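What follows is a set of notes on a single structure, which appears directly below.
The values are calculated or read from the model by the stated rules, or taken from the named source; none is laboratory data. As the structure is a prediction and not an experimental result, all values here were calculated from the model. Here the Cβ positions follow ideal geometry from the backbone for every residue, glycine too, while neighbour counts run over all protein chains shown. With ligands, DNA and RNA removed, areas are computed over all heavy atoms of the protein, side chains included. Shrake-Rupley method; radii C 1.70, N 1.55, O 1.52, S 1.80 Å.
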Amino acid sequence: MTAPTTSRRPSTLAPPVRTRARTALSPLAPGHAHISGGFWWTRQDRNRVDALAAGYEQLEASGTLDNFRIAAGTCTGRVKGMIFQDSDVYKWLEAVAHEIGRAEDPLLRSRQEEVTALVAAAQQPDGYLNSVHQLRHGPEERYSDLAWNHELYCYGHLFQAAVAQARSTGKTTLLDVSLRVLDHLVAVFGVGRHEGVPGHPEIEMALVELYRETGRDHALELARFFVDRRGHGYLSSLGHEPTYFSDRVPVREASTVEGHAVRALYLAAGATDLAIEGADIELLAHLRSVFATMLATKTYVTGGMGSRWVGEAYGDPYELSTDHGYAETCAGIAVLQWAWRLLLASGDEQYADVIERTLFNAILPGVSLDGTEFFYVNPLQLRSGAQLTGGTSAVNGRRGWFQCACCPPNVMRTLSSLDQYIATATEGGLQIHQFASGTYTANVGLERLGIEVTTGYPHDGRVVLRVVEAPETVASLSVRIPAWAESALLDAGDGLQEVAGSGVQVLDRRFQIGEEIVLDIDMSPRFVTAPHRVDASRGTVALERGPLVYAIEQADQEGSALVDDALVDPGAPVVEHPIEDLDGVVAVDLTGAAAPEPSAATIDRSWPYAPWTPEPAPAKAHVWRAIPYFAWANRGIGPMRVWLPVISGSR
Ligand SMILES: [Zn+2]
């Protein structure tokens, strides 16, 4: 397989076309970011070669493409699937567009053109487009149930696909469809017209992106209308519980995220886009405060979002159950999108830290190592004896598709656009936020600063940055020093310096082509604890190594001891084992013990609770092998846990 080498146009979030927007950092210019090797390239390659092909087949098998054909009148049959099924096609189209932007592919290109034509053919003469709604409901029912019918949500994904397609191929078929939808929406929605808001946010950030691509002011105004209108009781006036919809209070008054996690995060990302475009410092500061509260009280150690199955929702502060945690893959993607916008807006490197944690530990677990199977839900523990439940449960293992297939194509578009999340530019230089082998270039005046990154990250902490293009003038190169790093050495040509704790290292100078800057981050395993209010994780530790959260999975354990009974001694030495299995991760052996297995219920002794004693029951010494959490459930499904109970009296 060949690494992608070309990219003609930007694949995501290009700079606005005309705006008074102010951001601290800008996305790299068209063709200036290429992941070309290493860990993330492997993930992208499987996404490109295997997942997009499998996705196309799933769209066909599920009837999703047929819905468009039937709506267009080119075939007959019964409409199938969820009311928001069109969005699966749009997410897949967006992923394909990003991939064609990275490297040409005739098969992907022909499928892109075929599916784009299906979408265009299904659009109604007045611009309305929702194949499922068109086939199930009459025109008089349009936008009559905004809470659940997802018409506006689907448009959001259509717009994002259209912008990606226009940028990567120069073709505007999907963009033309989107602009007809926009004209239609402007005629329907607004003050004095339909004053409803979407039940599922998504269109807000997509409208801003459509504005950035086309300069259509109406798109920006409509996004602002949907965000400002929210929280004033429209959805609750229809009889709906407002918290679920992030409709309890206006965005500017919300103190935290609540309700359905993906809804809350997409709304926040869209509001951040509006804060950027409007240079609205007050709104941006408010959103940063909400983000900080979310991190402090409602975020799993993996970066996962949303702890409740009911409503796929955030729980109360510190309500972060491990075995019943929801942490939908899409919610990880949503927080990535919000954090990226906050990073651009503020330049604050803490958002890049969140992006890193989320990518490796909240999004990546959502896809199998071979790229074609997906978790919808990402709990931090699976118990022995877990029962098969609904289709989205992790008990089923990863799956190729779901009845509600939001996650698989969302992962596809995220991996295919990953190049754009690695680095940013300012007028004076380049900022490296994530460590992925590849080449990243910033315009500095009329010249360029280009850096080639080579690294074995996330398993190895050595990152080599080689200058491949250098301006004649002084330029700035900044490198994130991960917040988790207990020690990090930087050699910028004048010897090794300890830089851990600095957040970011900035080098201002005249760079020379061929010079190397070496960052060496200590990847020693470390144990972390949860805030004491997280009752579900009290008395436990989690293992981290580099940016990766670890888990112990039954498949790795010697003997008959179950991970349900694991105890560890976080004060004892650990042993690292690079292994070939699981695409070559570093396994970590932990000193610990196995608690006595609870006795099975018997007629005369079934009560499991016993009087408290100062001496716990003796445990048997045991070594537990841990692997990166993202890699679990690739050898069948079995017991697993991230939070590890500590042996009483540990050092
Ligand atoms: Zn999802």
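Listing for the model above:
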{"read-out": "Euclidean distance of C-alpha centroids, segment 277-317 and segment 231-273, integer Å", "value": "12"}
{"read-out": "Value of relative contact order over the chain, rounded to a whole percent, pairs C-alpha under 8 Å and six or more apart", "value": "13"}
{"read-out": "Antiparallel content of DSSP bridges confined to segment 506-651, in %, to 5", "value": "95"}
{"read-out": "Computed label-point distance, nm, for sites Thr473 and Val188 using a 7 Å Cα→Cβ extension", "value": "4.9"}
{"read-out": "Point-charge dipole on Cβ atoms (K/R +1, D/E -1) for segment 332-430, about Cα centre, debye to 20", "value": "520"}
{"read-out": "Linear extension gain, Glu597 paired with Ile281, 0.36 nm per residue minus alpha-carbon span", "value": "108.1 nm"}
{"read-out": "Positive minus negative residues near Ala621 (Lys, Arg vs Asp, Glu; Cβ under 14 Å)", "value": "-3"}
{"read-out": "Cα-based Kirkwood hydrodynamic radius, segment 303-346, one decimal, Å", "value": "11.1"}
{"read-out": "Local net charge near Met523, Cβ-Cβ under 12 Å (Lys/Arg +1, Asp/Glu -1)", "value": "-3"}
{"read-out": "Segment 29-103: relative contact order as a whole-number percent, Cα under 8 Å and 6+ apart", "value": "28"}
{"read-out": "Beta bridges per DSSP with both ends in the chain, % antiparallel, nearest 5", "value": "90"}
{"read-out": "Radius 15 Å from Cβ of Thr322, net charge of other residues (Lys, Arg +1; Asp, Glu -1)", "value": "+1"}
{"read-out": "Segment 26-79: trypsin sites (Lys or Arg not before Pro) falling in loop per DSSP and having at most 11 other Cβ within 10 Å", "value": "Arg78"}
{"read-out": "Over segment 204-244, volume per residue of the alpha carbon convex hull, in Å³", "value": "63"}
{"read-out": "Area accessible to solvent at Lys298, 1.4 Å probe radius, in Å²", "value": "20"}
{"read-out": "Pairs of alpha carbons in segment 113-250 whose separation is greater than 22 Å (percent)", "value": "36"}
{"read-out": "Radius ratio Rg over Rh of segment 172-284, counting only Cα atoms, Kirkwood formula for Rh", "value": "0.97"}
{"read-out": "Cubic angstrom per residue, convex hull over Cα atoms of segment 473-601", "value": "162"}
{"read-out": "Normalised convex hull volume, segment 229-319, alpha-carbon set, Å³ per residue", "value": "87"}
{"read-out": "Charge dipole (the chain, unit charges on Cβ, about Cα centre) - positive-most of Gln420, Ile451, Val468", "value": "Gln420"}
{"read-out": "Relative contact order (%) - segment 450-503, alpha-carbon pairs under 8 angstrom, separation at least six", "value": "24"}
{"read-out": "Kirkwood hydrodynamic radius over Cα pairs of segment 548-651, then Stokes diffusion coefficient at 4 °C and 1.567 mPa s, in µm²/s", "value": "86"}
{"read-out": "Square roots of five times the Cα gyration tensor eigenvalues for segment 343-464, Å", "value": "36, 15, 13"}
{"read-out": "Protection proxy ranking of 183-193, 147-157, 274-284 - average other beta-carbon atoms within 10 Å, highest first", "value": "147-157, 274-284, 183-193"}
{"read-out": "Square roots of five times the Cα gyration tensor eigenvalues for the chain, Å", "value": "39, 32, 23"}
{"read-out": "With DNA, RNA and ligands ignored, accessible area of Phe527 (1.4 Å probe; Å², nearest 10)", "value": "60"}
{"read-out": "Two-decimal Rg/Rh across segment 595-647, once Rg and the Kirkwood Rh are taken from alpha-carbon atoms", "value": "1.06"}
{"read-out": "P(r), alpha carbons of segment 344-384 - 10 Å bins starting at zero, rounded %", "value": "25, 38, 25, 10, 1"}
